[in-house]
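Here's the structure we're looking at; comments come further down.
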Amino acid sequence: MHDFEGQTVIVTGGTRGIGKAIAESFLQAGARVIVTYSTNEAATAQFRQDNSQFAQNIDIQKLDVSKYEDVEGFFRYIDTKYGSFEVLVNNAGIRKDSVLAMMKESDWHDVLNVNLTGIFYMCKFAVRNLMRKRYGRIVNISSVMERYAFEGQANYAAAKAGLSALTKSLAKEVATRGITVNCVSPGFIATELIRDLPDKLRDTYLDRIPMKRFGNTEEVAACVLFLASKEASYVTGSILEVSGGL
């Protein structure tokens, strides 16, 4: 377990699924965690209840990362209340699957705006803050779909592929400022997205995994904590897959 005592961590989309596991792991490691969510009030309430023992270290903020003004206001809040932070985990993301010929224009733009442009906004303001202290960790949550690009996910795959390129470019830009930028790229993880699949499709996905099981959210969180730790000071611009060998 890495020690994040005294550190402030931002986790977008952190009230459910992989984001929740990441936020909870940071809380257990002693961090103050600022969790953002977009619309799911029920998941937010459940997150607060599940982590009531860490109440003094939890700050939950509503944020639409796809809106520049909202992100700017969020970081203004961070500057005013906390002054600085150490770690940003860009986990917020959406899917709107459809074969490309039938995909709505709005579904293309919505997925790109949240999954790629939103991370550009978050990184833009985060880097300005982190450069002042010459230390920071940015971890972007991608997906193995950037490589596999399943049918019906052209918008999602394009966004995730773009995210990997953004990560590598930004890592070079801030490498001399004590800031690392990395990606964690999960494969098939046992969240509600997997649980809700038809049995036949679940079996098809499972058959593709060399380890013959789905991953769990805690396994993804463990990789995020490593990349966010002080010990990972010489790791930047990397894409760490958590996929069971895909």
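With +1 on each Lys and Arg Cβ and -1 on each Asp and Glu Cβ, and nothing else charged, work out how big the dipole of the chain is about its Cα centre, in Debye to the nearest 20.
For this selection, approximately 600 debye.
Just checking my list (1) 40; (2) 35; (3) 51 against percent of Cα pairs over 26 Å apart computed from this structure; which label fits?
Given (1) 40; (2) 35; (3) 51, the structure-derived one carries the label (2).
At q = 0.11 Å⁻¹, what log₁₀ I(q)/I(0) does a Debye calculation on the Cα points of segment 53-187 give, no solvent, two decimals?
For segment 53-187 at q = 0.11 Å⁻¹, log10 I(q)/I(0) is -0.43.
Would you work out what percent of the accessible area of segment 30-117, with all protein chains in place, is carbon or sulfur (probe 1.4 Å)? Before the final figure, lay out each step's value.
Values: 2240 of 4720 Å².
Its accessible area is 47 percent carbon and sulfur atoms.
Before anything else, pin down the relative contact order of the chain: Cα pairs under 8 Å, at least 6 apart, normalised by residue count, whole percent.
Contact order relative to length: 20 percent.
Each residue of segment 144-150 in order: what ³J(HN,Hα) in whole Hz does its phi give by Karplus 6.51 cos²θ - 1.76 cosθ + 1.60, θ = phi - 60°, with x for Gly and Pro?
Ordered by residue, 3J(HN,Hα) equals 5, 5, 4, 9, 8, 6, 4 Hz.
In Å and on Cα atoms, what radius of gyration and Dmax does segment 11-111 show?
Computed over the Cα atoms of segment 11-111, radius of gyration and Dmax are 15.2, 49 Å.
Run lengths n ≥ 4 of DSSP H only: what is the helix-derived mean residue ellipticity at 222 nm for the chain, with -39500 (n - 2.57) per run over all residues, to the nearest 500?
-13500 deg cm²/dmol
Using modelled amide H (1.01 Å from N, peptide plane; none on Pro or chain starts), what sits under 5 Å from the amide H of Leu240, excluding residues fewer than 5 places away?
Cys183, Val184, Ser185
Which one, Gly83, Gly245, Val220, projects farthest toward the positive side of the charge dipole computed for the chain from Cβ point charges (K/R +1, D/E -1)?
Comparing the listed Cα positions along the dipole, Gly83 ranks first.
What is the magnitude of the charge dipole of segment 198-245 about its Cα centre, with +1 placed on the Cβ of each Lys and Arg, -1 on the Cβ of each Asp and Glu, and no other charges, expressed in debye to the nearest 20? Each step should come with its number before you reach the end.
Details: 6 positive and 7 negative charges, 18 e Å.
The dipole magnitude comes to about 80 debye.
Lysine pairs in segment 43-170 with alpha-carbon atoms under 15 Å apart, 8 or more places apart or on different chains: how many are there?
Final tally of qualifying lysine pairs is 5.
Over all directions, what mean area does the Cα convex hull of segment 105-164 project, stated in square nanometres?
That works out to 4.3 nm².
Order the peptides 16-28, 207-219 from the highest to the lowest mean number of other Cβ atoms within 10 Å of their residues.
Highest mean packing first, the order is 16-28, 207-219.
Can you check how the C-alpha radius of gyration of segment 120-195 compares to 2.2 N^0.38 Å, as a plain ratio?
Output field value: 1.27.
Counting heavy atoms of the protein chains only and a 1.4 Å probe, report the per residue accessible area for the chain as a whole number of Å².
Numbers: 11770 Å² over 246 residues.
Solvent-accessible surface per residue comes out at 48 Å².
The values are calculated or read from the model by the stated rules, or taken from the named source; none is laboratory data. The shown structure was predicted, so the numbers you read here are calculated from the model rather than taken from an experiment. Quick reminder, even Gly has a Cβ in these numbers, built from the backbone with ideal geometry, and neighbours come from all protein chains shown. The area values use the complete protein model at the heavy-atom level, side chains included, leaving out ligands, DNA and RNA. Shrake-Rupley method; radii C 1.70, N 1.55, O 1.52, S 1.80 Å.
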